[in-house]
Amino acid sequence: MTVPSLNILISGGGIAGHCLAYWLSRTRLQTSITIVERAPVPRITGQAVDIHQPSIEIVKKMGLLNSVREYNTTEEGTTMLKPNGKPFLHLRQADGFSFTNEYEILRADLAELFNDASSKFRNVQCKYGDSVTSLTQTSSSVHVTFASGTSDTYDLVVAADGSASRLRDMILDPSVTKGCYNFIGQYNAFFSIPSRPSDDKMWHFMNLPQGRALMLRPHRNPDTMGAYVCVTTPGHGHKDQRMEDAIATGHEAVRGLLHEYFAGAGWQSGRILDGMDTASDFYISRSATVKLPKWTNNRACVVGDAAWATFGIGTTLAIVGAYHLAGELGKIKASSEIPGALEMYEQSLRPLYKAMGELPPGYPQILFPQTMLGLRVRDSALWAVSKGRGLFKLFGGDKDDNKFKLPEYDWVDV
């Protein structure tokens, strides 16, 4: 049987992009894969993420499950704090009632594991500090021009470049992408600060009025802690214009505004804000969802957050999506069958996405209230439902994902 030889471009060097490169390299196809990443170097920032079934099974098939365990953030559960910094609720993972997952890992660490796994294949190369500026499709190829001024022709192009993907609009029709990106009203700053002997292994979570929150979470590295500074607006689509202006100006402006917003916040706010000023890995992001009625177009498609950004389950869907996409492509007998394989990828994954891809009701505003009264109501509700599994169902846990079985594909052993 003739094995198709394909030239493939993946935009985005994160979890979805490297996972896809790995599984494409495990097909019987003869592939030449280029991963293009806008950042000049692999990203080292990002919050803690967790993975659920069926992505755990995929990671196991990659031989990385033990590594994921070794990279665990060591977090043991969540301690909820009142605005005065006093704890009122402890949710321990060992008790089976916690926001903390068994497979809790920093996003950068998981991306690094997938990067290492894909880079072992000679057919995979990474191109940093560049991005796609234009894309033109024909029935037989995709012509791409890059910001660096170079251009090339591919058999397949995949956008795996995050929720704010620029390539998404080049791939899909405007009628498909219109209104797909939805800001849910939350800004999150992530960075590392030095640890202290008094730090424990709990996720400390303190809310303040006006949707503000400060958090400390343990790292695998005992010398650092993960600091999170959150600002939540009253509703989805509602922007904080001062924050928008600061983000447009740069990180120093964002830091200055966060100092203003959290001045005198109590608890360990001084430690967190001082650490923010010197952190080398400071990063600010907007929380958003992406919902698309279509993920594919001819010889190009979207995967990961570029296709279905959501809360709590995005990493799982990115891993599963990459697996499905590579598996369906692995069935083709000729390059001309790529569009059909992309359609099958979408058909096979949609049921899982529909079951798992929705935000928890009222999130994030229900967890980050604007008023003291709202905080008291939320705290009472958290305490009450923590006595049963309702808490974790309410905020996206306990998803019934075991009923989704991974399709069997013809992978090449490595």
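The values are calculated or read from the model by the stated rules, or taken from the named source; none is laboratory data. Remember, it's a predicted structure, so these values are computed and weren't measured experimentally. All Cβ positions, even for glycine, are placed from backbone atoms using ideal geometry, and neighbour counts span all protein chains on display.
When residues of region 137-158 are filtered for being among the small types (Gly, Ala, Ser) and either in a strand (DSSP E or B) or touching a Phe, Trp or Tyr at 6+ places or on another chain (Cβ under 8 Å) (or both), how many remain?
2
Every residue, every condition in (1) surrounded by fewer than 19 Cβ atoms within 10 Å (Cβ to Cβ); (2) in contact with a Lys or Arg (Cβ under 6 Å, 6 or more places away or on another chain), yes or no:
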residue	(1), (2)
203	no, yes
210	yes, no
214	no, no
229	no, no
238	yes, no
246	no, no
251	yes, no
263	yes, no
274	yes, no
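Residues checked against (1) surrounded by fewer than 24 Cβ atoms within 10 Å (Cβ to Cβ); (2) within 30 Å of residue 406 (Cα to Cα); (3) of a type in the set (D, E, K, R):
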{"position": "256", "(1), (2), (3)": "yes, no, no"}
{"position": "260", "(1), (2), (3)": "yes, no, yes"}
{"position": "301", "(1), (2), (3)": "no, yes, no"}
{"position": "305", "(1), (2), (3)": "no, yes, yes"}
{"position": "308", "(1), (2), (3)": "no, yes, no"}
{"position": "322", "(1), (2), (3)": "no, yes, no"}
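Considering only region 108-118, I want to know if a residue exists there that is under 30 Å from residue 36 (Cα atoms), surrounded by 21 or more Cβ atoms within 10 Å (Cβ to Cβ) and in contact with a strand residue (DSSP E or B) (Cβ under 7 Å, 6 or more places away or on another chain).
Within region 108-118, one or more residues are under 30 Å from residue 36 (Cα atoms), surrounded by 21 or more Cβ atoms within 10 Å (Cβ to Cβ) and in contact with a strand residue (DSSP E or B) (Cβ under 7 Å, 6 or more places away or on another chain).
Working carefully through the options 38, 69, find the one that is under 21 Å from the mean Cα position of the chain (by Cα), of a type in the set (Lys, Arg) and within 20 Å of residue 158 (Cα to Cα).
38
Return a yes/no flag: does region 192-200 have any residue that is in the same structural domain as residue 50 (by TED's automatic domain parsing) and of a type in the set (Lys, Arg).
Within region 192-200 (the criterion being in the same structural domain as residue 50 (by TED's automatic domain parsing) and of a type in the set (Lys, Arg)), the answer is no, since none of the residues qualifies.
Which of (1) within 25 Å of residue 281 (Cα to Cα); (2) surrounded by fewer than 16 Cβ atoms within 10 Å (Cβ to Cβ); (3) in contact (Cβ under 8 Å) with a residue 60 or more places away in the chain is the odd one out, the single condition residue 126 does not satisfy?
Of everything listed in (1) within 25 Å of residue 281 (Cα to Cα); (2) surrounded by fewer than 16 Cβ atoms within 10 Å (Cβ to Cβ); (3) in contact (Cβ under 8 Å) with a residue 60 or more places away in the chain, residue 126 misses just condition (2).
State which residue is surrounded by the most Cβ atoms within 10 Å (Cβ to Cβ) when the search covers only region 151-182 and only residues that are closer than 22 Å to residue 21 by Cα and β-branched (Val, Ile, Thr).
Once the filter is applied, the top-ranked residue is 158.
Per-residue answers, yes or no, for (1) modelled with pLDDT under 90; (2) polar (S, T, N, Q); (3) in contact with a helix residue (DSSP H, G or I) (Cβ under 9 Å, 6 or more places away or on another chain):
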{"position": "26", "(1), (2), (3)": "no, no, yes"}
{"position": "43", "(1), (2), (3)": "yes, no, yes"}
{"position": "78", "(1), (2), (3)": "no, yes, yes"}
{"position": "120", "(1), (2), (3)": "no, no, yes"}
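For the condition over 26 Å from residue 93 (Cβ atoms), charged (D, E, K, R) and not assigned by TED's automatic domain parsing to the domain that holds residue 265, what is the one hit in 169, 240?
Checking each option against the conditions leaves just 169.
Conditions: (1) part of a helix (DSSP H, G or I); (2) under 30 Å from residue 405 (Cα atoms). Residue 247 meets all but one. Number of the miss?
(2)
Would you mind listing the helices (runs of 4 or more DSSP H) fully within region 289-396 where at least 3 residues are touching a strand residue (DSSP E or B) at 6+ places or on another chain (Cβ under 8 Å), in contact (Cβ under 8 Å) with a residue 24 or more places away in the chain and in the same structural domain as residue 159 (by TED's automatic domain parsing)?
Correct list: 305-308, 314-329, 338-356.
Let me confirm something: among 379, 398, which residue is modelled with pLDDT under 90 and either closer than 15 Å to residue 209 by Cβ or not hydroxyl-bearing (Ser, Thr, Tyr) (or both)?
Of 379, 398, the one residue that is modelled with pLDDT under 90 and either closer than 15 Å to residue 209 by Cβ or not hydroxyl-bearing (Ser, Thr, Tyr) (or both) is 398.
Does residue 300 satisfy the condition of being under 22 Å from residue 14 (Cβ atoms) and of a type outside the set (S, T, N, Q)?
It is true that residue 300 is under 22 Å from residue 14 (Cβ atoms) and of a type outside the set (S, T, N, Q).
Checking the conditions here, which among 351, 361 is in contact with a Leu (Cβ under 8 Å, 6 or more places away or on another chain) and surrounded by fewer than 21 Cβ atoms within 10 Å (Cβ to Cβ)?
When all the criteria are applied, what remains is 361.
Could you tell me whether residue 100 is touching a Gly at 6+ places or on another chain (Cβ under 9 Å) and crowded, with 20+ Cβ neighbours inside 10 Å?
When the stated conditions are applied, residue 100 passes them.
Out of 130, 116, report the one residue that is more than 27 Å from residue 265 (Cβ to Cβ) and part of a loop (DSSP other than H, G, I, E, B).
From the options 130, 116, the qualifying one is 130.
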